[in-house]
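Visitor: Okay, here's the structure, questions in a sec.
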Ligand code: SF4
């Protein structure tokens, strides 16, 4: 049975699949999408799945579970990458490890929603929650240390998300359970104590706003506070404490520096990107308006003056949007940002081509 299904899939690929860019789906007998893939040559890529060794190889295990295969061509490898991302988001196939390569390298700062938001470092961002994400960043460990410094400097909580909060201005009867007893961070002055009525909700929210403004590069209050404490310690000849505070300042400055570089990188992924079609078919050349690392508009490369004017107007309205970028990325857009960043990192000549085209347009 498995052999017969395998042979039938292989025969259909050999008969009909072409070596053009595209995506493919491997499906179980009940129609579940088991795996989505993409390639600049669909036929060759599909055939490699059938050459894999069972059971050692993941490809061979997917084929053993699959009952059918289907594929769609895309105008280019770039278009295939975008289409694959969209299919993975839609079907969530269990054999796809989403953005596996990048996930190992990146980390995000997550600011949770709710009455006492918490700032912490995560490896992945979920489109479904109401948290705000900042990133992506390299170096989760270093990032974790810097975020801890920020939490300490601003007195933000870092306890588990299900810890019961009890603000100073919250009526006693609204508190169903006992308050968190004796947290060390409160005892040593590193948390304002939103769980033990030591701070009002508004005062805690002020601290969160300061964190947001710091992450947005709008102010550096946490650094100024630490620097003042450092100078005070030096004046009192408390050199050990002054040195510890100096290290904290350095870590926060490095976080600030990473943020400004990130904002620059995201901003630099804003342009019109034209990609020639691989099949040489009319309409296969595509234009993408990319703004802050996400595709905002896509169309065929204009063939006449009217279509060119329409694309120019569209691009101007998208790229001319100068609304303040605060370093945060909506969770549902993070995968696309990672994909585009990865694409242009792997294809630097494409980025240069786009930059040259922009320079030529500006000079015209
Ligand atoms: S003092 Fe309370 S809110 Fe702050 S970290 Fe400790 S348990 Fe969490």
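Since every read-out is calculated from the coordinates, none of them should be taken as a lab result. Note that the structure is predicted; figures quoted are calculated from it, not measured. With ideal geometry, Cβ positions are generated from the backbone for all residues, glycine too; neighbour counts draw on all protein chains shown.
Visitor: Helix 2-16 against the longest principal axis of the chain: what's the angle in degrees, Cα atoms only, rounded to the nearest 10?
Guide: Tilt of helix 2-16: around 70 degrees.
Visitor: Sticking with this one: Mind checking the full-extension length gain between residue 263 and residue 235? Use 0.36 nm per residue of separation minus the Cα-Cα distance, one decimal, nm.
Guide: 6.4 nm
Visitor: For segment 105-262, state what percent of all Cα-Cα pairs lands in each successive 5 Å bin, counting from 0 Å until the bin that includes the largest distance.
Guide: P(r) for segment 105-262, in whole percents per bin: 2, 9, 17, 20, 19, 15, 11, 6, 2, 0, 0.
Visitor: On a C-alpha basis, how far is the centre of segment 238-297 from the centre of segment 8-81 in Å? Whole number, if you could?
Guide: 33
Visitor: On a 0 to 90° scale, report how tilted helix 77-91 is relative to the longest principal axis of the chain, with both axes built from alpha carbons and the result rounded to the nearest 10.
Guide: Roughly 70 degrees between the two axes.
Visitor: Label-point separation (nm) for residue 11 and residue 56, each offset 7 Å from Cα along Cα-to-Cβ?
Guide: Each label point lies 7 Å from its Cα, and together they span 3.0 nm.
Visitor: Okay, helix-only estimate at 222 nm for the chain: each DSSP H run of n ≥ 4 adds -39500 (n - 2.57), divide by all residues, round to 500 deg cm²/dmol; what do you get?
Guide: The helix contribution divided over the chain gives -15500 deg cm²/dmol.
Visitor: Here's a follow-up. Of 34, 156, how do they rank once you tally other Cβ atoms within 10 Å and put the fewest first?
Guide: Fewest-to-most ranking of 34, 156: 34, 156.
Visitor: Of 48, 210, how do they rank once you tally other Cβ atoms within 10 Å and put the fewest first?
Guide: Listed from fewest to most nearby Cβ atoms, that is 48, 210.
Visitor: Which residue, 118, 40, 14, tops the fluctuation ranking in a GNM of the chain built on C-alpha contacts under 10 Å?
Guide: Among 118, 40, 14, the largest mean-square fluctuation in the Gaussian network model of the chain belongs to 14.
Visitor: Under a 10 Å cutoff between Cα atoms, tell me which one of 250, 228, 28 has the largest fluctuation in the Gaussian network model of the chain.
Guide: The residue with the greatest mean-square fluctuation here is 228.
Visitor: Can you report the principal axis dimensions of the chain using only the alpha carbons, biggest first, rounded to whole angstrom?
Guide: On the principal axes, the chain reaches 80, 62, 42 Å in Cα extent.
Visitor: With springs only between Cα atoms under 10 Å, which of 109, 188, 13 fluctuates most in a Gaussian network model of the chain?
Guide: Of 109, 188, 13, the most mobile in the Gaussian network model is 188.
Visitor: Where does helix 305-319 land angle-wise versus the long Cα axis of the chain, in degrees 0 to 90, nearest 10?
Guide: 20
Visitor: If packing is taken as the mean number of other Cβ atoms within 10 Å per residue, what is the order of 88-94, 18-24, highest first?
Guide: So the order, starting with the most tightly packed, is 18-24, 88-94.
Visitor: Among 218, 74, what is the fewest-to-most ranking by other Cβ atoms within 10 Å?
Guide: 218, 74
Visitor: Taking each pair of different alpha-carbon atoms in segment 1-74 once, compute 1/r for the pair, average those values, and report the inverse of that mean as the Kirkwood hydrodynamic radius in Å to one decimal.
Guide: 12.1
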